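The values are calculated or read from the model by the stated rules, or taken from the named source; none is laboratory data. Bear in mind that the values here come from a model prediction, so they are computed numbers and not experimental data. Neighbour counts are summed over all protein chains in view; Cβ atoms, including those assigned to glycine, are modelled from backbone coordinates with ideal geometry. Calculation scope for accessible area: heavy atoms of the full protein, side chains included, ligands and nucleic acids excluded. Shrake-Rupley method; radii C 1.70, N 1.55, O 1.52, S 1.80 Å.
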There are 2 protein chains.
Amino acid sequence: MSSVPLSQITLTDPFWSGWQKTVIETTLPQQFEQLVATNRIANFELAAGRKEGAFEGLRFNDSDVYKFLEACAYSLAVAERRPELKAAADRVRGIVDTCIDVIGAAQMPDGYINTYFQLGHPSKRWLNLNAMHEMYSGGHLIEAGVALFECTGDRPLLDIGIRFADHVMSVFGPDTRRGYCGHQEIELALVRLAAATGEAKYADFANWMVEERGHAPSVFEAELGDPESVALAPEAARLLIGTGEYCGDYCQDHAPIREHTEVVGHAVRAMYYYIAAADLAADKGDSALEEALERVWSNLINRRMYVTAGIGPSASNEGFTGDFDLPNLTAYAETCASIGLVFWGHKMLELTGNSDYADVLERALYNGALSGISLSGDRYFYTNPLESRGSHQRVPWFLCACCPPNIARLIGNLAHYAVGASSDTLYLHVPVGFEADVELGGGPVHLSCKSNYPWSGEMEVIISPDHPRDFAVAVRIPGWADDVSFDIENAVEEAEYQNGYAVFRRTWQAGDKLKIEFEMEPKWIEADPRVRDNLGRAALMRGPLVYCAEQHDVTYTPQLFMADTEAPVELGQNASLGVTTMVVEGACEVELFPEGLYAEVGATDVAGSTATYIPFYAWNNRGATNMQVWTRKL
Amino acid sequence: MSSVPLSQITLTDPFWSGWQKTVIETTLPQQFEQLVATNRIANFELAAGRKEGAFEGLRFNDSDVYKFLEACAYSLAVAERRPELKAAADRVRGIVDTCIDVIGAAQMPDGYINTYFQLGHPSKRWLNLNAMHEMYSGGHLIEAGVALFECTGDRPLLDIGIRFADHVMSVFGPDTRRGYCGHQEIELALVRLAAATGEAKYADFANWMVEERGHAPSVFEAELGDPESVALAPEAARLLIGTGEYCGDYCQDHAPIREHTEVVGHAVRAMYYYIAAADLAADKGDSALEEALERVWSNLINRRMYVTAGIGPSASNEGFTGDFDLPNLTAYAETCASIGLVFWGHKMLELTGNSDYADVLERALYNGALSGISLSGDRYFYTNPLESRGSHQRVPWFLCACCPPNIARLIGNLAHYAVGASSDTLYLHVPVGFEADVELGGGPVHLSCKSNYPWSGEMEVIISPDHPRDFAVAVRIPGWADDVSFDIENAVEEAEYQNGYAVFRRTWQAGDKLKIEFEMEPKWIEADPRVRDNLGRAALMRGPLVYCAEQHDVTYTPQLFMADTEAPVELGQNASLGVTTMVVEGACEVELFPEGLYAEVGATDVAGSTATYIPFYAWNNRGATNMQVWTRKL
């Protein structure tokens, strides 16, 4: 199976069509303002010789511009099928053209481009692969070029990316110099470039880098012995050193990928690495590599993932620690890491056809990733803790601004992850609403899915092939749904159940209706007791959404509330947030306490109370306050 | 009131007499081995020109040697009254003489001594007061000199300390150069030096430094603008910088001391600062300064202190954060900080006569401070978290080794904090067992207290003046005791109750017996609900001891246990640890869970169970394992 090109599909449900509108109208212009204000664009102008001055910002700031352009590409494709977004699209198109022009002018004749090195350290290219992110930034350039080419047909940025890729391959390779980037990214980009250009050499090169990593002697360990290399980023060295010796965990350089059993180190790097590896495993039918990926995935999902699909609990390495170590208040759970998990889950889904991967993809999408952006579309979380004691809040930008453009590209490209097609099957991975015109083997099929997901579990799919013919519609049965029902109007067809999908294989005629209903009852979830931080606690979910209590909805600090998980949960609406709420009965500790910090048990009063829960992604849209996902059980 | 000189008192209860034996027989020799092995002694030999080589270790390593010598002084005084410790004392005496000899040889003709600067940076003295700890180290030198003089009558180290103090006062002062140390210590040392020598100039100088601190312009802020100064300790600069601007919180340089309202910054620095200030407030009868200290104390005790009297929750500044922020697993709660709290509490007690300060002193002594050393006397905690998930354990030494000698000097000098005397009153602050010969106004009094504290709340005090006469015995009523009873054999005298002390003022005759009984029932304690980390939890105490559950005593991870705080608590004994244990009924979660990290509520089984609790100070003496203080309530 593969995804449906954005040119053939439009998301129509209120949820995602609204988000896609917000991104093109608000998010992208706001991000461009920030790229300009922080001199990320100016760095290219300096490198192009159009201005005088010095590089400003972090050494990998170019990548934010590229990732932003990739997000623009998807939004332009979305707007192509939504005329009401034309004005916004024209504005974005203008921004894109401006950026491509200056990037092209900044590229050096040999294909190298990295404004940090071009402007301040021209002689130090490729000296410190572990920390300087030259390939990482270039990977995002390649992705942006591929995306613009695929979404708009425009080649200029693709050609810039190709020149950079060719340059990298002129410096590194099995027969020249061994090397790979401290922050994976270019691997998956090169796989995309191979697909977009039909040039297998890019995928072969990516494969070489994926496989070389983790084999001793480590490229990075050697760099740590070179003072000139270390001097480029002294603070980065400590991340590669364990207790006195080189320890490649931080950037997954600890062992060859086929020997990986646990997910370790920097979370985003791990995700980007495994995305490339999944693509390569699929391309080559490499079952040993696939097994390694499944092992690591299992460790991640069954031992190291927050209920929100946030991953990477620790700030110190922006990444993983040990099994079941999932503190809530201090959770790092970077937005980019959950976005990476959506991407990797999608690759694993395409590789295996197993709906378990879509369950995780969906969990990350609606919770740990989407929480990264405000409902207004112009404020962002870098970290996504599951509890707040009042200070955590979204901001317009970051010094290290990887997350904002990442969430923009995720939302713009969402149809890619939600709906798939093979030669004879249409897949609904996530039951968003959409209109699609798909080539399915024997000819075009118009598909329409009416959905009010994630608020409702009822959908109606209208299947209209140009002429009656045989193909399949495969609907994922969400892991959270205890009960599902399907009904094909005027028919009695039963589904086949395969890999967690209900597959309806029949002769479809124009206008055939498939009605779907997933039971979407509120559910209290508990964690494996080995997650010590969640002992005695439960989290409320409904459908794919994890809920939380935020102080705005109650008169007390949510942490004081104990939920009766057996009481009925009442559904409601919060119009300002545009969400379904849930009201829960329980009891609340009263913050009256005798003088002094400690007293004999009995000093705390408890009173019956109720709490209102809102979706986790929607918190912190009414000012900074207390919040928690995991409620104590009464 | 003041303390009873060590030459007049011997601790006799099994608890502390045992600890004092361990310290002189095991702890001090083991620490000297470490001082030698880590080249802390060699640094002095190099500075003295007795060896060739370079300084090794941290820039403030000299201070560990000094603090060790201060600990030796107290232990030598203890041994003076305990003949069975003579062999150990002789060994310690030899070590002390060796050290003093080389320290004296290392001191420069002008009185300056600091081997880090003498060996590697002779021209950079006093260039970076905020980070280089020259006065801090010298303060410990002065304290050691005073202690050896007071405990043994020997002057050589005192004279070395005096020469250093005079040197500092020749460089800094109201009429010469403004300056004070980033890490407070010399202030309290100079106050001690003034008392030992009768030279008020040292106290006056200390007073000047205490008062100058926190006044703009900051001495440290100016240093941050001097690249040569910053280069001495670049990493220290960040601790002084808040969000872009100088912020003196870290070293209590944020405001003049009389304006302090909250305890902020590095915990040990804060304690040492306020100890000096309390001494000065007492000397001068300065009620405004006393009020400032009481304000800060109240903030500390009522909002920022763990139940163990651990203080300073954060590793990032080794210190304080905000009110009620007391996470258990990640608690820093440095051993030295709790020791500092014992010292400060004692000064406040002497200043005010109020037993509330003794309650805190006692809490810190038996819990947060004593947990810093293993029962074997040769392993140490730097940090004292209230929960462990298996990895935290004591070690023989630290790169930054402030805590080991600090706990050794606390234990050696314990009688100082436990018992006091004024001209006509004997104070029992902490009802340890002891034999003392005290000059009380009209002549000598022999006092004997039989006690098995902290295991029992019953004591018997025999008061034997050389002839019948009037004086008072004041016994602190512990804050934890719900019921107390006193009985003077063959008499019906009632106590006066003053400031939390029961005061018996009468004509005492040789052999008079005062029997004391403090009810010592197990108690479940809860925290103010604003301590979010303890919501729904209780801690078990008995007398002054905070208890914890350690996995060695149960077949499950203690974190899984929920205590029935209304069930009777059964007392027991653990012979190997030498402690009274408590057995509690409750229920335990069973670590069987369906596949996957999350499941609908009901997946966790719960079974009735009991847990055995041991004193917090005694945990981690049987290998690293899980432990927690705050148990969930059933």
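Considering the rotational relationship between chains A and B, which residue of chain A contributes the beta-carbon of minimal distance to the axis, and what is that distance to the nearest Å?
Here the nearest residue and distance are A:GLY536, 3.
Protein chains only, probe 1.4 Å: how do B:SER391, A:SER287, B:SER609 rank by accessible area, largest first?
B:SER391, A:SER287, B:SER609
Can you list which of the trypsin sites (Lys or Arg not before Pro) found in the stretch A:100-180 are DSSP loop residues with at most 12 other C-beta atoms within 10 Å?
Loop-located and lightly packed - A:ARG177.
Compute the separation of the alpha-carbon centres of the stretch B:1-31 and the stretch A:38-54 and state it in Å as a whole number.
70
Below 23 Å, Cα to Cα, which lysines can B:LYS284 reach? Residues fewer than 8 away in the same chain don't count.
B:LYS201, B:LYS347
Specify the inter-centroid distance of the stretch B:491-559 and the stretch A:342-385, based on alpha-carbon positions, in whole Å.
Comparing the Cα centres of the stretch B:491-559 and the stretch A:342-385, I get a distance of 52 Å.
Let me check something: with ligands and nucleic acids excluded, how do B:THR555, A:THR176 order by accessible area (1.4 Å probe), largest to smallest?
B:THR555, A:THR176
If we count every other residue with Cβ under 9 angstrom of A:TYR180's Cβ, Lys/Arg +1 and Asp/Glu -1, where does the sum land?
-1
Give the lysines whose C-alpha is closer than 20 Å to that of A:LYS515, dropping any in the same chain fewer than 8 places away, or say none.
Candidates past the 8-residue exclusion: A:LYS450.
Pull out the extension gain between B:GLU521 and B:SER576, defined as 0.36 nm times the separation in residues minus the alpha carbon to alpha carbon distance; nm, one decimal.
17.5 nm
For every helix of n ≥ 4 consecutive DSSP H residues, a contribution of -39,500 (n - 2.57) applies; sum these over the protein assembly as shown, divide by its total residues, and give [θ] at 222 nm rounded to the nearest 500 deg cm²/dmol.
-11500 deg cm²/dmol
If you plug each phi of the stretch B:260-272 into the Karplus form 6.51 cos²θ - 1.76 cosθ + 1.60 with θ = phi - 60°, what whole-Hz ³J(HN,Hα) values come out, in order, with x for Gly and Pro?
With the stated coefficients, the stretch B:260-272 comes to 5, 10, 10, 8, 10, x, 4, 5, 5, 4, 4, 4, 4 Hz.
Relative contact order, percent, of the stretch B:101-193 when contacts are C-alpha pairs under 8 Å separated by at least 6 residues?
Result for the stretch B:101-193 is 37 percent.
Report, for chain A, the % of DSSP beta bridges that are antiparallel, rounded to 5.
Taking every DSSP beta bridge within chain A, about 95 percent pair in antiparallel fashion.
Tell me the label-point distance for the pair B:GLU460, B:GLU235, using the 7 Å Cα-to-Cβ offset, in nm and rounded to one decimal.
It is 5.7 nm.
Just tell me which aspartates and glutamates come within less than 16 Å, Cα to Cα, of B:LYS124; anything on the same chain fewer than 8 places away is out.
B:ASP110, B:GLU134, B:GLU223, B:ASP226, B:GLU228
Mind listing the label-point distances from A:LYS450 to the same position on all other copies, shortest first, one decimal in nm, points 7 Å along Cα→Cβ?
Inter-copy label distances (nm, one decimal, shortest first): 9.2.
Whole Å is fine, so just give me how far the alpha carbon centre of the stretch A:614-629 lies from that of the stretch A:57-90.
28
May I ask you to derive the relative contact order of chain A, considering only C-alpha pairs under 8 Å and at least 6 residues apart, and to give it as an integer percent?
Reported relative contact order: 12 percent.
Return the sequence-ordered ³J(HN,Hα) values of the stretch A:130-143 in whole Hz as given by the Karplus equation 6.51 cos²θ - 1.76 cosθ + 1.60 applied to θ = phi - 60°, using x for Gly and Pro.
So the Karplus estimates, Gly and Pro as x, are 6, 10, 8, 6, 5, 6, 4, 4, x, x, 5, 4, 4, 4 Hz.
In the stretch B:181-201, which residues have a backbone nitrogen under 16 Å from the label point lying 7 Å from B:ASP283's Cα in the Cα-to-Cβ direction?
Of the residues in the stretch B:181-201, B:185-201 have backbone N under 16 Å from the label point off B:ASP283.
When the solvent-accessible surface of protein heavy atoms is calculated with a 1.4 angstrom probe, in what order do A:GLU187, A:GLU566, B:GLU521, A:GLU245 fall, highest first?
On the way: A:GLU187 0, A:GLU566 165, B:GLU521 110, A:GLU245 135 Å².
Result of the area sort, largest leading: A:GLU566, A:GLU245, B:GLU521, A:GLU187.
Could you give each residue of the stretch B:179-189 its phi-based ³J(HN,Hα) in whole Hz, using Karplus coefficients 6.51, -1.76, 1.60 with θ = phi - 60°, and x for Gly or Pro?
Using θ = phi - 60°, the values come out as x, 7, 8, x, 10, 4, 4, 5, 4, 5, 5 Hz.
Leaving out ligands, DNA and RNA but keeping every protein chain, what accessible area does A:VAL230 have, in Å² rounded to the nearest 10, with a 1.4 Å probe?
Its accessible surface works out to 40 Å², give or take rounding.
What percent do you get for the relative contact order of the stretch B:376-484 when only Cα pairs under 8 Å and 6+ apart count?
Values: 136 pairs, mean separation 19.7, N = 109.
In percent, rounded to a whole number, it is 18.
Using the 7 Å Cα-to-Cβ label point, sort the distances from A:PRO122 to its equivalents in the other copies shortest first and give them in nm to one decimal.
Going from nearest to farthest copy, the values are 4.7 nm.
Can you pull the accessible area of A:HIS167 for me, 1.4 Å probe, Å² to the nearest 10?
10
To one decimal in nm, how far is A:GLU245 from the same spot in the other copies, if labels go 7 Å from Cα toward Cβ? Please give the shortest first.
So the label point of A:GLU245 gives 4.9 nm to the other copies.
Take every DSSP beta bridge whose two residues both sit in the protein assembly as shown, then give the antiparallel share in percent to the nearest 5.
Values: 171 of 183 bridges.
Antiparallel bridges make up about 95 percent of those DSSP assigns within the protein assembly as shown.
Among the GluC sites (Glu not before Pro) within the stretch B:589-634, which fall in a DSSP loop and have no more than 11 other Cβ atoms within 10 Å of their own Cβ? Could you put the intermediate results ahead of the total?
Numbers: sites: B:GLU589, B:GLU591, B:GLU595, B:GLU600; in loops: B:GLU591, B:GLU595.
Taking the stretch B:589-634 and a limit of 11 other Cβ atoms within 10 Å, the loop GluC sites (Glu not before Pro) found are B:GLU595.
Rolling a 1.4 angstrom probe over the protein chains, ignoring ligands and nucleic acids, what is the accessible area of A:SER2 in square angstrom, nearest 10?
Ignoring ligands and nucleic acids, A:SER2 comes out at about 60 Å².
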